[in-house]
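Trainee: Next up is a structure, given as C-alpha cells.
Throughout, read-outs are computed from the coordinates displayed, never taken from laboratory work. None of the values given here were measured: they were computed from a predicted structure. No Cβ is skipped: glycine too gets one built from the backbone with ideal geometry, and neighbour counts run over all protein chains shown.
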Amino acid sequence: MLKLVHGSDAAPSPGETGDELALLARRAGAGEPAAVADLVRAVGPAMCRSVARVLGPGAGDLDDVMQEALEGFLDALPSFRYECRVLHFACRVAVLSALLDRRRAGLRARVAQQSDAVADAPDMEAASPAEAAMASQRRAALVALLDELPPVQTEVLILHCALGFTIAEIAASTGRPVETVRSRLRLAKEALRDRIDASRNLADLLGRRS
C-alpha cells in the first residue's frame, strides 16, 4: 500500500498549474473511462522507465510492478492536490512502487542480473565479457548500498540522480520543503561516499581510488 501525503492547503486549479495533463487527470480521477485510458497512455512510458531504473529493464516482475504503480497512481488521483505536475507525481508513484517491490522480494539475491537503479545499463553486446562482469558487479554494489539507506533518502537520490528531477520538482512531488529534500539528498550522498571510502573493495570497484 502506497502512502502519499499532500499538503492541506486548497489545491490550485488546473489553469494555475500550467500542467497540460491536469484537466485530463481530474477527469480520470472522477472516473471517466476515456480519460483514464488517455491518461495512462500519457504517463505510462515515463512510469515504466522509472520502474525500470529501480528494478532494471530485464526484471521479471517489471510488468507486475508497473501494473501496481498504475493502480496506485489512479487510486491516488481523487486526493491529488495538483501541487506538482501530474507526470512528476506519476513517476514518484512508480519509484515508490518499485522500491517497495525490491524490498519485499529481497532483490539483493538477484540484483546483479536485474538492477539498474542509478544509471542506464551499458551496451552488453558491445562490451567484452570482463567489462560486462565488472559493470554487473558495480550495479550490484550500488543497489546494495542504496538498500542500506533510509527509504526517504533512497527515494530522493533516485528521483534526482536517476530520473533527473530538480530539487524543486522533488519537493513539489513529495510535498516536502526544498531544504528537507536538499538535506536528504546531501545525507544520502554522504552516506554512500562514507560507505565506499570505508571499503577498499568498494572503492576500487566503483573507481573511488586510483
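Trainee: Please compute the length gained on full extension between Asp194 and Thr180, using 0.36 nm multiplied by the number of residues separating them and subtracting their Cα-Cα distance.
Mentor: Contour length minus the Cα-Cα distance gives 3.0 nm.
Trainee: While we're here: Tell me which residues come under 5 Å, amide H to amide H, from Phe165 once H is placed; ignore anything under 5 positions away on its chain.
Mentor: HN-HN under 5 Å from Phe165: His160.
Trainee: Starting at the first residue of the range 29-38, write each ³J(HN,Hα) from the Karplus equation 6.51 cos²θ - 1.76 cosθ + 1.60 with θ = phi - 60°, in whole Hz, x for Gly and Pro.
Mentor: Values per residue, Gly and Pro as x: x, 7, x, 6, x, 5, 5, 4, 5, 5 Hz.
Trainee: Once the other residues with Cβ under 11 Å from the Cβ of Glu155 are scored (Lys, Arg +1; Asp, Glu -1), what is the net sum?
Mentor: Within the 11 Å Cβ shell, the charges total +3.
Trainee: Kindly write out, for the range 172-177 in residue order, the coupling ³J(HN,Hα) from the Karplus curve 6.51 cos²θ - 1.76 cosθ + 1.60 (θ = phi - 60°), rounded to whole Hz, with x marking Gly and Pro.
Mentor: 5, 6, 9, x, 10, x
Trainee: So what's the net charge close to Arg85: Lys and Arg +1, Asp and Glu -1, counting the other residues with Cβ under 10 Å from its Cβ?
Mentor: So the surrounding residues net to -4.
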